[in-house]
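Engineer: One structure, as structure tokens, below. Some questions next.
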Amino acid sequence: MRVLALDTTTAAGSVAIGDNDEVLLEEVGDSARSHGERLPADILGAVERCGITLASIDVFAIAAGPGTFTGLRIGIATIQGLAFVNGKRVVPVSALQALAVAASREEPAGRTVGAWMDAHRRDVFSALFRTTSRSPFDPEGLVEIESAAVGDPAGTLKRWEAGGHLPGVLGGDGAI
């Protein structure tokens, strides 16, 4: 199955193309230019560099947030348009869950994983997960402990600690 994935939740964003278990291309965008200036050209360039066509894409995936309203709106509209024209499905992906998958790839079962994205104004978007014995890429590889929230980092950590879920791993640009 060939998947084209777009992330516009951050200023840079990214485009990736995968074919079954192989990543054909992954490119980070130019954060000095807006998503509106770069799309759909970034996607068309990525497809061309892979030597494939948009018609050969089976599924169009989009990071569905959290993130900036304008970035999400542009990304979702772009992916919906490409999928509609090509008669293919759109699959939304939680940006926080994607960060947790990346952060937990080498972690043992039972590890608590936090995902943080910079929400600006000294806040973070956050979510909390627990790993299972399955691959994190499996839909049951991560169990959600706390769904997406926004707040200050210290308050988020206190809330997680009070609930007995202080993460062993914390991933994402909000962790910086």
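Engineer: Condition first: surrounded by 15 or more Cβ atoms within 10 Å (Cβ to Cβ) and assigned to a helix (DSSP H, G or I). Now tell me which residues in region 133-176 satisfy that.
Structural biologist: The answer is Pro153, Thr156, Leu157, Arg159, Trp160, Gly174, Ala175.
Engineer: OK, next. Where in region 21-100 are the strands (runs of 3 or more DSSP E), entirely inside, with at least 1 residues that are open to solvent by less than 30 Å² (accessible area, probe 1.4 Å) and either under 15 Å from Asp7 (Cα atoms) or polar (S, T, N, Q) (or both)?
Structural biologist: Details: elements: 22-28, 59-63, 89-93.
Where strands (runs of 3 or more DSSP E) fall fully within region 21-100 and carry at least 1 residues being open to solvent by less than 30 Å² (accessible area, probe 1.4 Å) and either under 15 Å from Asp7 (Cα atoms) or polar (S, T, N, Q) (or both), they are 22-28, 59-63.
Engineer: Here's a follow-up. Which ones in region 92-133 are without any contact (Cβ under 8 Å) to a residue 12 or more places away in the chain and over 12 Å from Gly171 (Cβ atoms)?
Structural biologist: His120, Arg121
Engineer: Let me ask something additional. Does Gly155 satisfy being over 20 Å from Pro92 (Cβ atoms) and out of contact with any Gly (no Cβ under 8 Å at 6 or more places or on another chain)?
Structural biologist: When the stated conditions are applied, Gly155 passes them.
Engineer: Do we find that Ala11 is open to solvent by 40 Å² or more (accessible area, probe 1.4 Å), at pLDDT below 95, among the hydrophobic types (A, V, I, L, M, F, W, C) and assigned to a loop (DSSP other than H, G, I, E, B) in this structure?
Structural biologist: Answer is yes for this residue.
The values are calculated or read from the model by the stated rules, or taken from the named source; none is laboratory data. What you see is a predicted model, and the numbers here were worked out from it, not measured in a lab. Cβ sites come from the backbone with ideal geometry, for glycine too, and all protein chains shown count toward neighbours. Each accessible area value is taken on the protein alone, full model and side chains, heavy atoms only, with ligands, DNA and RNA left out. Shrake-Rupley method; radii C 1.70, N 1.55, O 1.52, S 1.80 Å.
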